[in-house]
């Protein structure tokens, strides 16, 4: 299984040619998103709706939210389960990972718990995570 991190999922959303070409080489059943990507992609869209100051802004924000929800609906969403929670505790105990961005850490534990490859452009962010398989489809 290949899990797209938020950055790569955003590239797919914006139809990045190299990423789409690489995706086409893999069965669609093998590609999923993790819960963190869903949360991160929707966070900004929801904030835009809540902060809209004018009707035109509100309509644009709601349109963006609907577009994002539709996009996310194309993929299975892999959540945090007991195995991921245990990996989370184990990785948090590693000194090198204490300062790792929480979203990145959660994406890593979901990938590890599901024996999946995390697809990311930010391979440096995950370099210290033991056992994590990474691929960069944007290069």
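Derivation of every value follows stated rules applied to the coordinates shown; laboratory data play no part. The shown structure was predicted, so the numbers you read here are calculated from the model rather than taken from an experiment. Quick reminder, even Gly has a Cβ in these numbers, built from the backbone with ideal geometry, and neighbours come from all protein chains shown.
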Return a yes/no flag: does the range 102-114 have any residue that is under 13 Å from the mean Cα position of the chain (by Cα), surrounded by fewer than 19 Cβ atoms within 10 Å (Cβ to Cβ), in contact (Cβ under 8 Å) with a residue 24 or more places away in the chain and over 19 Å from residue 1 (Cβ atoms).
yes
Quick count over the range 1-22, residues being touching a strand residue (DSSP E or B) at 6+ places or on another chain (Cβ under 7 Å) and either outside any helix (DSSP H, G or I) or surrounded by fewer than 19 Cβ atoms within 10 Å (Cβ to Cβ) (or both), is 5
Matching residues in the range 50-63 (in contact with a helix residue (DSSP H, G or I) (Cβ under 9 Å, 6 or more places away or on another chain) and surrounded by fewer than 15 Cβ atoms within 10 Å (Cβ to Cβ)) number 5
The residue from 26, 19, 66, 8 that alone is touching a residue at least 24 places away in the same chain (Cβ under 8 Å) and more than 22 Å from residue 104 (Cα to Cα) is 26
Going through the range 34-48 in order, the residues found to be crowded, with 16+ Cβ neighbours inside 10 Å and free of Cβ contacts under 8 Å to residues at least 60 places away in the same chain are 38, 41, 45, 48
